[in-house]
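*Asks:* Sending over a structure as structure tokens; questions will come in a sec.
Laboratory data are not the source of any read-out in this text; all were calculated from the coordinates shown. Since the structure is predicted, the reported quantities are computational estimates derived from the model, not experimental observations. All Cβ positions, glycine included, derive from the backbone under ideal geometry; neighbour counts span all protein chains shown.
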Amino acid sequence: MLLHELFTDAHFECVSTDGLQHSKFTVVVSVDTQRFEGTGPSKKMAKNAAAKAALASLCNISFSPLQQAKFGVMNSSGIGGGGGGGGGPGTGGGGLNTGGLNPVAMMGGFGSNGDLGQCCDHQGKNVELPQTFADSVGKLVIEKFNEVMKGNDVYSRRKVLAGIVMTQGYDVQCPATGTKCVSGEHMSVTGSVINDSHAEIIARRGLLDFFYTQLDQHCKQAAAAAAASTNNGNNNNTVAQQNGKNGEQPEAAEPEPSIFVRPTDGSSKLYRLKDGIYFHLYINTAPCGDARVFSPHENDNMDVDKHPNRKARGQLRTKVESGEGTIPVKSSEGIQTWDGVLQGQRLLTMSCSDKISRWNVLGLQGSLLASVIEPIYLHSIVLGSLLHPAHMYRAICGRVENSIQGLPPPYRLNKPRLALMTSAESRNQTKPPNFSINWVIGCLEVEIVNSFTGKLINNNTNTNKMSRLSKQSFYRRYAAIIERLPEPAPVLREVLPTYYETKMAVPEYQQAKKELFAAFAKEDLGDWLKKPIEQDQFTLIPPKPEELALVQQAGNNGVAPVGNGNGPTQGGK
């Protein structure tokens, strides 16, 4: 083993054999004073993962298929230097061993436009993540999921796990599980059901919830600042003087909790992310659709697609109601109608690969928030298994890079960095559960959603209760936010009669979406399949008093401040 050749004193120890099926064994390797952890369905695979983690950190060796495909095992980009200083233990308290490098600091050399770094794919367009950073992102999501589901053996079962990590702060915002979609008979005309309960889709909706909370925090702080500015300050000065006499220091102002800022140069009325904040998506397997349509053991050179124009490559694909897998949109029944679905036509939903490619043009924030904030793009995608660089790159951005044009500023084609965890999950042949879970930083509880009905599962509560991630829930939060945003107002300042009209009132977003769909069509990849239009023609339903109380209670529990570096605990406290 390479590790023993380089470090003869390396010692392996199996520290756990009672993990989940995907990572039953945990092995720790000790090298000098450092410990590196690996997990796997067998001791051998866990030992191998631990050795890879040690080599990646101590020797800056990359085991990513993006590097091995062309060069074999080689040094990675060298971001942050090659040394492996004193990394913390990989086994205690959720600590992450990054070879002595601060995971957040490791992002310092990464530009938001994808133009920095030295490790590129064969087209020189996609920059690889440092392996230790990629492992940290995946491990954070897995540990957060295990934390919030501790003691709940029934609903901790999962086949696909996803989550989004934010840096600064290195916090997991929204772990989620799920593999199913709503059935046609449960379509909603009020926006109260979740249509797509696949894990990565739910994780992104959890991020939307976080965005609304951050905008709410911004409104609260702006209101407090405005109120303070109208006060002559006499009372505050008196209190400060009295505290000084008593030997007490006046309390310092709390740091800005929101991740959003308004440009001070007047270049835009939209809010944008503060500098240094990035979002990273972890999925324990390749997203369904185009990114997963390949043989994991094919002999083709990993980074060269010898048949890039094959008709099966790059096709838009749809998930199948009440089933797994995807089919090309060209094999589907075309336009979906409400009465047709109720009559028995299968309700089709675009694949996760296609939706991620959409996020890489339109942003993660969606159409409603596009009237308030600038597009927010993924900085990286980390997979737990089944990463084929050529297929993944094509699926999430490459298939439209030569045809998309006319995107209105600030929209662009985003090309996130890709990475594979060293502790890869094995193929899971168990039957996937019919539920999805989600947790969002700052929320009091985990939501468990019936994937077929799109509503919460009965836990001694009303089974018809809608999720906090439903369209209606977000519509309510949007209506509350835009009334309170400080001047100058964003482009859209009112809620139009229906959800559909409100979405369509953001012309730049709609133009960018039109150009994306045109690019797919130009490449002969199929037409984007839409749900029946009636699904979005609902009006705003004011929350009931008990629902409003729950929302206020969740808000009062606060959100972990940006940059705390400790990660959230359940309840966001």
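*Asks:* Provide Val189, Val141 in ascending order of the number of other Cβ atoms located within 10 Å of each residue's Cβ, fewest first. Please report the intermediate quantities before stating the final value.
*Replies:* On the way: Val189 13, Val141 28.
Placing the least packed residue first, the sequence is Val189, Val141.
*Asks:* Considering the zone a paramagnetic label at Gln511 would reach in this model (a point 7 Å from Cα along the Cα-to-Cβ line), which residues of segment 392-410 have amide N under 15 Å from it?
*Replies:* Zone members listed by number: 405-410.
*Asks:* Go through Lys269/Lys530; Lys355/Lys530; Lys52/Lys415 and tell me which ones have a Cα-Cα distance over 19 Å in this structure. Each step should come with its number before you reach the end.
*Replies:* Working: Lys269/Lys530 31 Å; Lys355/Lys530 12 Å; Lys52/Lys415 26 Å.
Too far apart for the 19 Å limit: Lys269/Lys530; Lys52/Lys415.
*Asks:* Where does segment 340-424 land on the Kirkwood hydrodynamic radius, alpha-carbon pairs, in angstrom?
*Replies:* Numbers: mean 1/r = 0.0678 Å⁻¹.
Hydrodynamic radius (Kirkwood, Cα pairs) of segment 340-424 is 14.7 Å.
*Asks:* May I pose another question? Figure the gain on full extension for Ala223 and Glu324 (residue separation times 0.36 nm, minus the Cα-Cα span) and round it to one decimal in nm. Don't skip to the answer; put the middle values down first.
*Replies:* Working: separation 101, 0.36 × 101 = 36.36 nm, distance 4.84 nm.
Working it through step by step, the gained length comes to 31.5 nm.
*Asks:* Going down the list Lys220/Lys544; Lys47/Lys144; Lys159/Lys513; Lys144/Lys531; Lys47/Lys319; Lys180/Lys274, which pairs span over 25 Å between their C-alpha atoms? Walk me through the numbers on the way to the answer.
*Replies:* Working: Lys220/Lys544 22 Å; Lys47/Lys144 23 Å; Lys159/Lys513 31 Å; Lys144/Lys531 33 Å; Lys47/Lys319 36 Å; Lys180/Lys274 35 Å.
Checking Cα-Cα distances, Lys159/Lys513; Lys144/Lys531; Lys47/Lys319; Lys180/Lys274 exceed 25 Å.
*Asks:* Report, in cubic angstrom per residue, the convex hull volume of the C-alpha atoms of segment 380-482. Can you show the working numbers first?
*Replies:* Details: hull volume 21.6 nm³, N = 103.
Cα-based convex hull of segment 380-482, divided per residue, equals 210 Å³.
*Asks:* Next question, about the same structure. State whether segment 148-235 is rounded, prolate or oblate according to the following rule on the C-alpha gyration tensor (a ≥ b ≥ c being the square roots of its eigenvalues): a/c under 1.5 gives rounded; otherwise a/b larger than b/c gives prolate, and the remaining case gives oblate.
*Replies:* Numbers: a/c = 3.37, a/b = 1.99, b/c = 1.70.
Judged from the Cα gyration tensor, segment 148-235 comes out prolate (a/c at least 1.5, a/b above b/c).
*Asks:* At a Förster distance of 22 Å, what's the computed FRET efficiency of Asn434 paired with Asn152, Cβ-Cβ distance as r, to 0.05? Please report the intermediate quantities before stating the final value.
*Replies:* Numbers: r = 16 Å, r/R0 = 0.73.
Taking R0 as 22 Å, the efficiency between Asn434 and Asn152 is 0.85.
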